[in-house]
1. If you take every residue apart from Thr19 with its C-beta less than 13 Å away from the C-beta of Thr19, what net charge results, scoring Lys and Arg +1 and Asp and Glu -1?
2. Applying the Karplus parametrisation 6.51 cos²θ - 1.76 cosθ + 1.60 with θ = phi - 60° to the phi angles of the range 23-28, what ³J(HN,Hα) value in whole Hz is obtained for each residue in order, glycine and proline being reported as x?
3. How far apart, in nm, are two points set 7 Å out from the Cα along the Cα-to-Cβ line at Thr52 and at Glu257?
4. So, in Å, what gap is there between the alpha-carbon centers of the range 1-76 and the range 193-217?
5. Considering Cα pairs under 8 angstrom that are at least six residues apart, work out the relative contact order of the chain and quote it in whole percent.
6. Take the alpha-carbon centre of the range 262-289, take the same for the range 114-134, and report the distance between them in whole Å.
7. Based on the mean of other beta carbon atoms within 10 Å per residue, what is the order of 101-108, 267-274, most packed first?
8. Hey, rough spin-label estimate for Gln29 and Ala107, points 7 angstrom out along Cα→Cβ, what's it come to in nanometres?
Amino acid sequence: MELRQMEYLVAVAEEGHFTRAASLCGVTQSGLSAAIRNLERELGADLFLRTTRQVGLTDAGRALLPFARRMLAQAAAGRDAVVRASHQLSGRLRLGAEQCLGVVDVAPLLERFRLRYPLVDVQFTQAGSRELTAQVRAGGLDVAFVAATEHLGALRRLELGRRPVVLLTHATDPLATAPAVAWEDLVDRDFVDFREQWAIRRLADDAFAARHLERRVRMSVDDVHTLLDFVQRGLGIAVVPQHVAAKPQAAGLAVLELPAQGAPEWVVAAIASPTAEPTAARLLELVGEANLAVAQPA
């Protein structure tokens, strides 16, 4: 068993999809699939149940998964120990991130960075993607994790992953049992949404504007748990990235697919200024290492 195979195993298990896992691991789908098949042949057991829509772990895969995680963690700890012993990087890192990105998990990433580079002063800012992009462009941040692809100008951009966007409603909402949802069904409905600086608000606004449809946002929030609480209380419906619908606080809500044609997509990227501190490059190297760009369930 090789570390790369363990990385692929964890990625597929968490994504439930070979294509998304390959994208996060920076390999082709065929290469990732071949590595998994080789591992299954080596172990003499199927690790995944494959269907046309979803991939799930077999009993053998579930048994191997915790060992795979430990192997990756031990390898990462070994690399960190070598870096600490041979590279005493110092200075500062000014990092920003939007909350609940669902593709990169910032807290363990910063923990890993601190272990590897203990002399670096890390300053963290949480805000909406629009504000963070402006701060990187103005030189106030070295790097930011955002859900934005437009108007980046000279900023360096590293795409980390993509997620579908879905509709959340209360279980008693008439839409909850509808066989399909059309954009026109959402006109004159009350929405709960984030304020304009947050990426999902812009995605939803742009989707409706592209269809020349009006959308009524009754409540604007700055916190995903507040948004879910409002929808749970029947105060409105919400457009959210798919991973938000999987949060425990969303239990009991109806999760509906938006029309596939022209549906918005949640795209998460790391952006950095061309004049960013050298510490920014070291952080992005960590993002590229095994399993750091795969979000853990929140």
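Read-outs throughout are calculated quantities, based only on the coordinates presented, and are distinct from any laboratory measurement. Quick caveat, the model's predicted, so the values are computed rather than measured. Glycine gets a Cβ as well: all are built from the backbone with ideal geometry, and neighbour counts include every protein chain shown.
1. Surrounding charge for Thr19 is +4.
2. Ordered by residue, 3J(HN,Hα) equals 4, 5, 7, x, 10, 6 Hz.
3. Roughly 1.2 nm, to one decimal.
4. 37
5. 24
6. 11
7. Most protected by this proxy first, the peptides run 267-274, 101-108.
8. Here the answer is 3.3 nm between the modelled labels.
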